[in-house]
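Please treat every number below as a calculation from the coordinates, not as lab data. Please read all numbers here as calculations on a predicted model, not as lab measurements.
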Amino acid sequence: MLAAIGLDEGQEAAYRALVGLGAAAAGDLARRLDLPEAEAERLLRRLESSGLAVRARARPEGCWEPAPPGPALGALVARRRHELERAERAAARLDEEYRAEDRAGAAGPAAPDGTDLEILALLLAGLTDASVAKQLGLGLRTVQRRVRGLMEAAGVTTRLQLGWAAYRLGWVAGDRPARTAAS
């Protein structure tokens, strides 16, 4: 149950037993948990390093007391929350980097293959999809799928935009549209 704040099963069992006993030596805890004494000592040291146990001052040497659960466990929860918030910020930064890299890759689309260029040239000449399909010996749906792919690669949504993008990106041969003084 306390694994979410960084305690393993052994540490949790030792802390619960220590809370139940009020104070205990490693040997007492070992008997209570049915563990070797060295293992109980190791668990007590780990609880101490987590702020969940302290060496008892008013008790005999080698005796341990539990830290009060409210503040001690609250501190572990707060620490874990802080770690999760840092991880969340790191994940957000990584996502931003990924998106920036993705945009950078999208900025320069790969040049279309020969068939795509033929389709584009025939569309710019004014042929319909059906006429392009017939002239190139392709299926109508193949032509439509390739046109959609070209539009996605160019980052446009209409065929008119595709024509302009094809010239701008250097996908088609021929003179680029002349710029006027108003452009």
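What to note about this one:
- The chain, helix-only ellipticity at 222 nm - DSSP H runs n ≥ 4, -39,500 (n - 2.57), divided by all residues, nearest 500: -21000 deg cm²/dmol
- This structure gives Cα Rg over 2.2 N^0.38 Å, computed directly, and of (1) 2.22; (2) 1.49; (3) 1.88 that value is listed as (1).
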